[in-house]
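Chemist: Pasting a structure below so you can have a look.
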Amino acid sequence: MKKLLLAAGIISTALILTGCAGRAPFECPKGLLYAEYTAPLTTDAKVDFGTKTGSSTNKTYVGLITTGDASVKAAADDAGIKTVKHVEYSYKNVVLYVYQETTVIVYGD
C-alpha cells in the first residue's frame, strides 16, 4: 500500500511540475520560482490576425485572492474588436505561485 501511495504521489507531482495538468490547447511547463510565456487558446492557424489587439487580465495573490476579468469579451471590448480572429494567453508565475497573472490576448477587427 505504501508503494502505491508513493507512486501516486510521484506521478501527481511530476504532472503538476511539468505542466501536463493544464487545460489549454497548449500549455508550457510552469517553473516553481518563475514562469512567463505566451501560448494560443485557439488552435486554428489563421494568417490574418486582424488590425486590432485587445487584452484582459486576471491576477491571483498567494493563491487566496483572485481578481480581474480575463474573458475574451473583455479583451475584445478593450480594443473595440467586433470580429475575433485569434486568441492567445500569457501567463506569469512568481516565486512558488505567490503571484500569478493570466492575460487573454485577442486579435481581430
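Chemist: I'm checking my understanding of the structure. Among residues of region 13-24 that are surrounded by 12 or more Cβ atoms within 10 Å (Cβ to Cβ) and closer than 17 Å to Ser90 by Cβ, which one is modelled with the lowest pLDDT?
Modeler: Gly19
Chemist: While we're on this one: List every residue pair whose Cβ atoms lie under 8 Å apart, where the two residues are 6 or more positions apart in sequence or sit on different chains, the first residue falls within region 68-79 and is within 12 Å of Thr102 (Cβ to Cβ), and the second residue, located anywhere, is hydrophobic (A, V, I, L, M, F, W, C).
Modeler: Ala70/Val104; Ser71/Val104; Ala75/Ile81; Ala75/Val87; Ala75/Val104; Ala75/Ile105; Ala75/Val106
Chemist: Check region 87-99 and report whether any residue there is touching a Leu at 6+ places or on another chain (Cβ under 7 Å) and at pLDDT below 90.
Modeler: So far as region 87-99 goes, yes, one or more of its residues are touching a Leu at 6+ places or on another chain (Cβ under 7 Å) and at pLDDT below 90.
Chemist: Pick from region 51-109 the residues that are outside any strand (DSSP E or B) and among the charged types (D, E, K, R): which of them is nearest to the chain's Cα centre (by Cα)?
Modeler: Among them, the one singled out is Asp69.
Chemist: Then there's this: State the number of residues belonging to region 80-109 that are crowded, with 20+ Cβ neighbours inside 10 Å and either within 12 Å of Tyr61 (Cα to Cα) or free of Cβ contacts under 8 Å to residues at least 40 places away in the same chain (or both).
Modeler: 2
Chemist: While we're here: Say we look at region 32-50 and pick out the residues that are in contact (Cβ under 8 Å) with a residue 60 or more places away in the chain and either in a strand (DSSP E or B) or out of contact with any Leu (no Cβ under 9 Å at 6 or more places or on another chain) (or both); which of these is farthest from Val94 (Cα to Cα)?
Modeler: Leu41
The values are calculated or read from the model by the stated rules, or taken from the named source; none is laboratory data. Keep in mind it's a predicted model, so treat the numbers as computed, not measured. In this analysis, Cβ positions are derived from the backbone assuming ideal geometry, glycine residues included, and neighbour counts consider all displayed protein chains.
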